[in-house]
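Scroll down for the structure; my scribbles are underneath it.
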Amino acid sequence: MVFLCWARPSPQEQKACINKSGAFNYDSKFGGASAKPLSCLQEDKELSKDGFLLNHARVLVGSGLETFEKGKSALQTWRHFELNWAFVNPKTPIQSGVKFCVCLKEFFPWVMMPLEVVYVHDKRKANKALASFGFGSGTLQGHLLVSAFSLVKSHIMPGELKVLLSLQQGLKSCE
């Protein structure tokens, strides 16, 4: 099942997609897998045995608490999907169990990709000047990929106060 629209998907069309999408399109044993540290994911033989490819990237976007707060706010309002060819409803809350659509334009039709937030990670340690925010989501029935992934983790490191954005995915094509 693929969810298509000829025009930019309305909130009602996105809701219909989510209602029809059902459960995750991968084995439940992989749910929240991306919450693990990268080194654990790289050593996990089950992921590669089951056809998942690990994709990990990090980018330095600034430093300091103000940069962290701006980045966190941008993530919470889905600004990383504010593109002419892709979007997520910015009112979608980042909370475990919330289902949402990534809508993207593939040539002529729009494609709606249903996902669900699996976990949210929001930590601060005042005495160590360390903060991090991230969330992971998983693909639902009707999504064109099978993915248990952590969308973004943002960290403030002690000392240097670098704000890092990272993306790590476990991907495989639908069968």
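Enumerate the calculated ³J(HN,Hα) couplings along the range 72-84 in order (Karplus 6.51 cos²θ - 1.76 cosθ + 1.60, θ = phi - 60°), each rounded to whole Hz, writing x wherever the residue is Gly or Pro.
4, 4, 4, 5, 5, 10, 6, 5, 5, 10, 7, 10, 5
For Asn89, enumerate residues with amide H under 5 Å from its amide H, sequence gap 5+ or separate chain, H modeled in the peptide plane.
Result for Asn89 returns Cys101.
Going by how many other beta carbons lie within 10 Å of each one, how would you line up Cys101, Cys5, Cys40, Cys17, fewest first? Working shown, then result.
On the way: Cys101 28, Cys5 16, Cys40 10, Cys17 25.
Least to most surrounded, the residues fall as Cys40, Cys5, Cys17, Cys101.
With each label point set 7 Å from Cα along the Cα-Cβ vector, what nm distance links Gln12 and Tyr119?
3.9 nm
Just so you know, all these numbers are worked out from the coordinates, no wet-lab data involved. Computed from a predicted model, the values in this text were never measured in an experiment. All Cβ positions, even for glycine, are placed from backbone atoms using ideal geometry, and neighbour counts span all protein chains on display.
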